[in-house]
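**Q** Okay, here's the structure, questions in a sec.
All of the numbers you see were taken from the coordinates with simple rules; none came from a lab. Since we're looking at a predicted model, the values are computed, not measured. Positions of Cβ are backbone-derived with ideal geometry, glycine not excepted, and every protein chain shown enters the neighbour counts.
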Amino acid sequence: MDLKFELIWSYLPLLLEGAKLTVQLTVFAVAIGTVIGLFVSLLRISNFKPVSWAAKIYVDFFRGTPLLVQIFLFYYGVPQLLGLDSMSRHMAGIIALGLNSGAYVAEIFRSGIQSIHKGQMEAARSLGMTYPQAMRYVVLPQAFKVSIPPLGNEFIAMLKDSSLVSVISLPELMQSGRMVANRVYRPFETFILVALLYLVMTTTISQFVSYLERVFGKDDHSQ
Amino acid sequence: MITVNNLTKNFGSLQVLRGVSCQIAPKEVVVVIGPSGSGKSTFLRCLNQLETATSGEIIINGTKITDPKTNINLVRQEVGMVFQRFNLFPHMTALENVALAPMKVRKQTRAEAEELAMSLLKRVGLQDKAHQYPEKLSGGQQQRVAIARALAMRPKIMLFDEPTSALDPEMVGEVLEVIKSLAFEGMTMVVVSHEMGFAREVGDRVFFMDEGLILEEGTPEEIFNNPQNPRTKAFLSKIL
Ligand SMILES: Nc1ncnc2c1ncn2[C@@H]1O[C@H](COP(=O)(O)OP(=O)(O)OP(=O)(O)O)[C@@H](O)[C@H]1O
Ligand SMILES: [Mg+2]
């Protein structure tokens, strides 16, 4: 066995560029996903059936179909539907990842909200607060706290899944790896390095999440 | 002050309230007793519409609260409720628990709300616990914070659902003292409680509920010393 890491060393900046795009895609996707997820989780628990059904259809669609199909749908399908020539790869990638993440985050928030004892909502309502006030000041702060660990997992999953947008040639880490491997004919060294870069990123995120858990759980205020 | 006419409440096919009617006068203290599952909590929860009535009407201070057009949030500002399991907000200190509704509902400034909250915590004997989180408080202390929290909305009526039954025996007294002091100040109250000493001392009337109806009502003397209904007798002989 004859490994030649020095051959791909000069391509490291290219891979780091890719890693940077991976981080950007993931951060955007999770940010969009969190906003959508919060909104959809609130619709999902609505007593008004058409609203909660619509939310459920969204969630089921994005969780129940492959992300790869969703990426193709946005990159190739949506421009056709709207009669456009094409859509930017970045735009399609971020939208697909963001909507996919939104479905998972919606479920995280929904179960977070439902884990809060219903006496909390009742106590708030009995003081004359409206439903949105009770949600905002009483239920959601507690639900958010219990959602931090699964949100961290979602962040990590999204970072790894973002490698799928390489199929629409977005030059993120995976796609950069393929380019390098093709140029130097050293797939093993290249993809080991790519894997290590992913590992560094996921480990950093999980460290950060444990830190958040410590900060928010300093003295556990839950009853 | 409170008029209830033929109130019924169904949970699915289960009829929990089967036509409750009563009148409660201003400053009156009504103690509700009855076996488990007889509908006491459901009755109380209908009075601030935490449960929506299936039929019948409830009129509080001239407002028909069972009318869907009534703004229930306004009604609830006048009707405080204290729960068996306290239901304090665990992510807020005692002071924040009490100050939250005055700030968000009454739109008081933080300073005003916290001053009010502090004076109410003082009143229930807990000013030194103002900055503690609920988990650091004993059950009796938590329940007193919960009472202060309800009082912060300056309600005209207070509802208590077995406020001492989740407490260790040595903490029952401190909570009952606070409730008594409210009674002596003239607060209109409906209290579900099996504390007979308390009922005799502060209750103006006792309602005995069974199977979704008020089967018997009267002064504490009448109900405890000379119950008429056989079911009341049977119930009292079990708990006295
Ligand atoms: N949300 C609900 N859904 C279905 N059934 C309910 C609900 N709330 C109460 N019930 C039922 O209604 C009946 C009356 O309940 P309620 O809590 O009013 O009784 P209670 O007199 O307060 O009893 P306890 O002394 O045990 O507190 C019980 O059979 C209970 O199981
Ligand atoms: Mg009860």
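**Q** Any chance you could check the Cα centroid distance between segment A:159-176 and segment A:43-95 for me, in angstrom?
**A** When both Cα centres are located, 19 Å separates them.
**Q** Grab every C-alpha pair in segment A:6-222, bin the distances at 10 angstrom width from 0 up to the longest one, and report whole percents.
**A** 8, 27, 29, 20, 11, 4, 1
**Q** If you average over every viewing direction, what projected area does the convex hull of the Cα atoms of the protein assembly as shown give, in nm²?
**A** It is 30.1 nm².
**Q** Once the piece of chain linking residue A:65 and residue A:117 is laid out straight, how much longer is it, given 0.36 nm per residue of separation minus the C-alpha distance between them? Show your work: numbers first, answer last.
**A** Details: separation 52, 0.36 × 52 = 18.72 nm, distance 3.28 nm.
So the extension gain works out to 15.4 nm.
**Q** Among bridges DSSP assigns within chain B, what percent are antiparallel (round to 5)?
**A** 55
**Q** Another one. I'd like the mean, over residues of A:127-137, of how many other protein chain beta carbons sit within 10 Å of each residue's own Cβ.
**A** Per-residue shielding by partner chains comes out at 6.
**Q** If R0 is 25 Å, what FRET efficiency do you get for residue B:168 and residue B:128 from their C-beta distance, rounded to 0.05?
**A** 0.75
**Q** If you don't mind, there's one more thing I want to ask. Segment A:85-163: D in µm²/s via Stokes-Einstein (Kirkwood Rh, Cα pairs, 20 °C, 1.002 mPa s)?
**A** Rounded, D is 148 µm²/s.
**Q** Please give every one of the aspartates and glutamates within straight-line cross-link reach of residue A:56, meaning a C-alpha to C-alpha distance under 20 Å, and leave out same-chain neighbours fewer than 8 residues apart.
**A** A:107, A:154
**Q** Sticking with this one: At what distance in nm do the modelled label points of residue A:10 and residue B:119 sit from each other, each positioned 7 Å from its Cα along Cα→Cβ?
**A** Going by the 7 Å Cα→Cβ label model, 8.0 nm.
**Q** Also, I was wondering about something else. Distance in nm between label sites at residue B:11 and residue B:73, each 7 Å beyond Cα in the beta-carbon direction?
**A** 2.8
**Q** Each label point is 7 Å from the Cα along the Cα-to-Cβ direction; what then is the distance between the points at residue B:201 and residue A:204, in nm?
**A** Reported label-point gap for residue B:201 and residue A:204 is 6.5 nm.
**Q** Which of the peptides A:58-71, A:149-162, B:84-97, A:81-94 is most tightly packed, and how do the rest follow, judged by the mean count of other Cβ atoms within 10 Å per residue? It would help to have the intermediate numbers written out before the result.
**A** Working: A:58-71: 15.6, A:149-162: 19.4, B:84-97: 22.5, A:81-94: 14.0.
Ranked by mean Cβ neighbours within 10 Å, highest first: B:84-97, A:149-162, A:58-71, A:81-94.
**Q** Let me check I have the definition right: for segment B:27-74, take the eigenvalues of the Cα gyration tensor, multiply each by 5, take square roots. What are those semi-axes in whole Å, largest first?
**A** So the three semi-axes of segment B:27-74 are 21, 14, 9 Å.
**Q** Ranked from highest to lowest mean number of other Cβ atoms within 10 Å per residue, what is the order of the peptides B:226-236, B:37-47, B:111-121?
**A** B:37-47, B:111-121, B:226-236
**Q** Shifting gears a bit: Can you give the mean number of other chain Cβ atoms that lie within 10 Å of the Cβ atoms in peptide B:74-86?
**A** Values: counts 1, 1, 5, 4, 1, 2, 3, 5, 2, 4, 1, 4, 3.
So the per-residue partner count for this stretch is 3.
**Q** Around residue A:154, under 15 Å between beta carbons, what's the net of Lys plus Arg minus Asp minus Glu among the other residues?
**A** Neighbourhood net charge equals 0.
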